[in-house]
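To keep things clear, I will list the structure first and then write my remarks on it.
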Amino acid sequence: MAYTKVWADDPNLNEMEKKKLQKDGLDILNDIERYAQEGFASIPKDQWDYFKWAGLYLQRPKEDGYFMMRVNIPSGILTYAQAEVLAGIGRDYGRNLVDITTRQAVQFHWLEIEHIPDIFKRLASVGLSSVGACGDILRTIVGNPLAGIDPHELLDTTEIVQEVYHFFQRNYDFSNLPRKYKMSISANVHNAANAHIHCVSFVPATKVIDGEEVVGFHLWVGGGLSAKPYLAQELDVFIRPEQVKAAAIAVTTIFRDYGYRHKRHRARLKFLVADWGAEKFKDKLVELMGELPSKGTTQLKEWNAGYFYGVHPQKQEGLNYIGFNVPVGRLSADELWELARISKTYGQGEIRTCNSQNVVIPHIPDDQVDKLLKEPIFKRITIDPPSFTAYSVSCTGIEYCNLALVETKERMKQVAEYLDREVELDIPVRLHMTGCPNSCGQRQIADIGLQGVLMKGESGMVEAFDIYVGGTLEVEHAQFNQKLKGRILAEDVAPVLKQLLLYFKENRKSHETFFDF
Ligand code: SF4
């Protein structure tokens, strides 16, 4: 039975809400085959927004008719067959380009409507989907990229993430949320999923119940970045692994039925949580789920920000996972193809994507590691990248994104390379660049965050950046970075960061990190 849209008669709904009442976002899936036959010009402009529910955005400039597609990779786990299909799509339709996002998803650019049905078919043939990767719906679920292989994980979350992902895929009960909705489910004790910044996060925890220690999760809600960032709040509940799906449904139901639908910029779950507070949110959750035990002990230790460079032993004896750097998350499709081949030749044919925009190849036997590392591709995609290149993250930026104010990806890469030549530091400094306040590049959690702006120059508006310092998601003292006074022209970013980092190097006390400083 269809649920009741309790907001349907609200006279103050925003324009997008009115559109979603006329046509559900998922209904665009019924139209795409026809548009593909009739061509881009046959798509009415008022239908463009709905493509997001299929994981498709029109790339900049919209009128040219090229699409960006985001593909869900739950927990970032890709089989050989899936990686091969993704590489094939990139090669055949996406100008040989594949981006890894800060949610472990994969993005293509330059796709044309005529090719989308074939791309959907190829994705479906290996159990992948772009549906729900964009739009007012549950986005790709961030998980532990080391799920099932991590010697330190509290439990293997692979199946839980799959179960929740499949429940929400193409689910009309939850396809009309107030806005985008982000979830993480991870038992990685180093907070690899960045639990503080999702709408809802399942965080590793334990609790003694009836004299026995039970492994499960704490539930954090109301995190999110963009122009008004919030750290998630912990609810006083303990969730057993078998309750994760029910809890995910309950939180999503609360967001669907109580989330704000008047102003788009106030429609994220974080605003509801900020207004209600953790106590009231928990009461509503209990109303839907029944009584829950109070929270136990968090099992989060120091934060690794989703970085896994180098060769590490798995929980399976004799096997290793190897973490590689993909500079600013951009691969060629040929490189993805090659990574898939290597993962099969030396291991079990699996690649994992990380929210740090990097990759891990798991299941490599001890005696195959050295041989694998001699493969030519690992000269660029390396286990031992120079420091600033290693810890640089960038959003898509003006190259393809309609909301961008400035160019980011290539710029971030060049700035990192410059700093690697000019500054020597014995600790990593995480640099994040975003092209607008939406913060897909997650600048708020960076040691140094760079947010693109436009500034008045001598002959019109020019690209510039605001600089923010001191972000961290360390367990005890998570905080967003703070804006420095003034803004800098885009061409000055590299030398200004050099000065800032040299000042830090000269004045820091020993072992002081950028955050402590
Ligand atoms: Fe586009 Fe802004 Fe997101 Fe960058 S942060 S990809 S510019 S919306």
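Data for the structure
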item	result
Filter result for the condition that a residue is touching a helix residue (DSSP H, G or I) at 6+ places or on another chain (Cβ under 7 Å), aromatic (Phe, Trp, Tyr) and either within 14 Å of the ligand (Cβ to nearest atom) or at pLDDT 95 or above (or both), over 400, 418	418
Candidates 484, 431, 405, filtered to the one that is within 16 Å of the ligand (Cβ to nearest atom), more than 26 Å from residue 110 (Cα to Cα) and touching a strand residue (DSSP E or B) at 6+ places or on another chain (Cβ under 6 Å)	431
Residue ID - farthest from the ligand (Cβ to nearest atom), chosen from residues in the range 356-377 that are closer than 30 Å to residue 57 by Cα and in a loop (DSSP other than H, G, I, E, B)	358
Residues of the range 22-65 satisfying the condition of being aliphatic (A, V, I, L, M) and free of Cβ contacts under 8 Å to residues at least 40 places away in the same chain	28, 41
Any chance residue 486 is on the phi > 0 side of the Ramachandran plot and surrounded by fewer than 18 Cβ atoms within 10 Å (Cβ to Cβ)	yes
Selection from the range 287-322 of residues that are surrounded by 15 or more Cβ atoms within 10 Å (Cβ to Cβ) and either touching a Gly at 6+ places or on another chain (Cβ under 6 Å) or without any contact (Cβ under 8 Å) to a residue 12 or more places away in the chain (or both)	308, 309, 312
Pairs where the first residue, in the range 391-408, is over 22 Å from residue 447 (Cβ atoms) and the second is within 7 Å of the ligand (Cβ to nearest atom) and acidic (Asp, Glu), C-beta under 7 Å, 6+ apart	none
Candidates 232, 246, filtered to the one that is among the small types (Gly, Ala, Ser), in contact (Cβ under 8 Å) with a residue 24 or more places away in the chain, surrounded by fewer than 23 Cβ atoms within 10 Å (Cβ to Cβ) and at negative phi	246
Members of the range 378-397 that are more than 15 Å from the ligand (Cβ to nearest atom) and not in a loop (DSSP other than H, G, I, E, B)	378, 379, 387, 388, 389, 390
Some residue of the range 433-453 being at pLDDT below 95 and exposed (fewer than 15 other Cβ atoms within 10 Å of the Cβ)	no
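The values are calculated or read from the model by the stated rules, or taken from the named source; none is laboratory data. For clarity, every value in this text was computed on a predicted model and none was experimentally measured. Using ideal geometry, Cβ is built from the backbone for each residue, glycine included, and neighbour counts are taken over all protein chains shown.
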